[in-house]
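What follows draws every value from the coordinates through simple rules; no lab data is involved. Worth saying up front: this structure is predicted, and the values here are computed from it rather than measured. All Cβ positions, even for glycine, are placed from backbone atoms using ideal geometry, and neighbour counts span all protein chains on display.
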Amino acid sequence: MSKQNLAAAVATAMAAMCMTAHADSASEEKTTIGGKAYLDLTNIDQQTDGTDTAAKGTGVDVKRFYLSVGHNFDSVWSANVTSDFNYVSNDGETQIFIKKAFLQAKLSDAFVARLGSADLPWVPFVEDLYGYRYVENVIIDRLKFGTSADWGLHAGGKLGDGMVGYAVSVINGNGYKNPTRSKSVDFEGRLSFEPVKGLTLAAGFYSGKLGKDVQGTTTPPQHTAQRVDALVAYVQPKFRVGAEYFTATDWNQVTAAATDKSDGYSAWGSFNFTDQVAAFARFDEAKPKKDLTPDLKDQYFNVGIAYKPRKNVDVAFVYKHDKVENGSISTSNGTIGGTADGKYDEIGLWAQVAF
């Protein structure tokens, strides 16, 4: 074979290899579109210091409606954008915002990195084990001692055939609704262990200024907010049971002179009578201001029956009760309590739809 023919053959082979590699890469590319909605039709009876509040009444809520677009570039690189919305009472309009927007690099099951707004280590982890997020936020989220996503650098993975899991985030600290930066970053992390299938033991931590360490602010940080979490859960196809505990320091006192401590726990369980019907219950108790208002206490419970009429649709008939003594607390259901106390009762239908 002449040199010219050999060169032509090599060039043809290299071109074919490049075209094959490109085709393989293109075949790995995939775009997915999905969504999830939390809806309810309920009656609320809320009182503050014995007087009915404006929240009292019957109506429909769409607490969350996520729309997600994900794209896999190849087996390593991918991206995701997830939108959400909320109602802004100041202007009487519903506004759409970004909950998650990140670039992901999955090097292996042991190491997955995300840059942008993504799930934080603790709240989404507990939500997956709890199983009834569409009925109520987990205790950390419900009492606003943490949130589910934030802007920053996130890493996590599973080791030892999935027995050990970890996640760590270096974040802005303002939460996913506020991407602005501050002079320092916050840290959140989690370590979990599954000694036998279905049994999960986990511990978590948070430390930072919650996005309040801003140059030129008139209220500079005086303290560092810290939170320690612990969880034990046992999840099987027939039932779920679990308990979560947290303790926090200066969570609501970052820019205040005084210091404070908080703690609380949540216990929950559910039982599947059939593939379609389940019963569930949960009880929370917290003391959000142990030093500043030691008598302030929150007690919450829910109980319900869930029905799954088809895949990706869940409906539940639920009763919720929240009682706050000796003050008020800001929760995911609004501010409950007043000068003396307050109570919140809600009964009706909750639904989750995913696609």
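General observations
- Neighbour net charge for Thr42 - beta-carbon separation under 14 angstrom, K R +1, D E -1: -4
- Stretch gain in nm, segment Leu153-Gln276, where the contour uses 0.36 nm per residue and the Cα spacing is subtracted: 40.4 nm
- The value of relative contact order for the chain, using C-alpha pairs under 8 Å at least six residues apart, is 13 percent.
- q = 0.13, 0.16, 0.24 Å⁻¹, region 36-150: log10 I(q)/I(0) [Debye, one scatterer per Cα]: -0.68, -0.96, -1.48
- When the helices of the chain are scored as -39500 (n - 2.57) per DSSP H run of n ≥ 4 and the total is divided over every residue, the value at 222 nm lands at -3500 deg cm²/dmol.
- Added length on full extension, which subtracts the Cα-Cα distance from 0.36 nm per residue, Asp161 to Ala37: 41.3 nm
- The residues neighbouring Lys343, those whose beta-carbon lies less than 9 Å from its own, together hold a net charge of -3 under the Lys/Arg +1, Asp/Glu -1 convention.
- For region 117-201, convex hull volume per residue from C-alpha positions, Å³: 97
- Across region 227-349, Cα pairs under 8 Å and at least six residues apart give a relative contact order of 15 percent.
- Taken over region 264-342, the convex hull of the Cα atoms encloses 90 Å³ per residue.
- Label point of Ala113 set 7 angstrom out along Cα-Cβ; within region 42-83, amide nitrogens under 14 Å from it belong to 76-78.
- Amide H contacts of Arg64 (H built 1.01 Å from N, under 5 Å, at least 5 apart or other chain): Tyr38
- Per principal axis, descending, Cα span of region 175-297 in whole Å: 59, 33, 27
- With a simple spin-label model that places each label point 7 Å from the Cα along the Cα-to-Cβ direction, the separation between Ala257 and Thr218 comes to 1.7 nm.
- Using the alpha carbons alone, the radius of gyration of region 237-310 stands to its Kirkwood radius in an Rg to Rh ratio of 1.20.
- Highest-first arrangement of 169-179, 193-203, where packing means the average Cβ count within 10 Å: 169-179, 193-203
- On Cα atoms only, tilt of 3-28 relative to the major axis of the chain in degrees: 20
- Förster-model FRET efficiency, 30 Å R0, Ile96 and Glu28, C-beta, rounded to 0.05: 0.45
- Couplings 3J(HN,Hα) of region 344-355, computed from phi: 9, 10, 9, 9, x, 10, 10, 9, 10, 10, 10, 8 Hz, in residue order, whole Hz [Karplus 6.51 cos²θ - 1.76 cosθ + 1.60, θ = phi - 60°; x for Gly and Pro].
- When you restrict to C-alpha pairs under 8 Å that are six or more residues apart and normalise by the size of region 258-297, the relative contact order lands at 44 percent.
- Summed side-chain charge close to Glu285 - residues other than Glu285 whose Cβ falls under 9 Å, Lys, Arg +1, Asp, Glu -1: 0
- Three-way shape label, the chain, alpha-carbon gyration tensor, a/c 1.5: prolate
- Once the Cα-Cα distance is subtracted from the 0.36 nm per residue extended length, the Lys183 to Tyr265 segment shows a gain of 26.3 nm.
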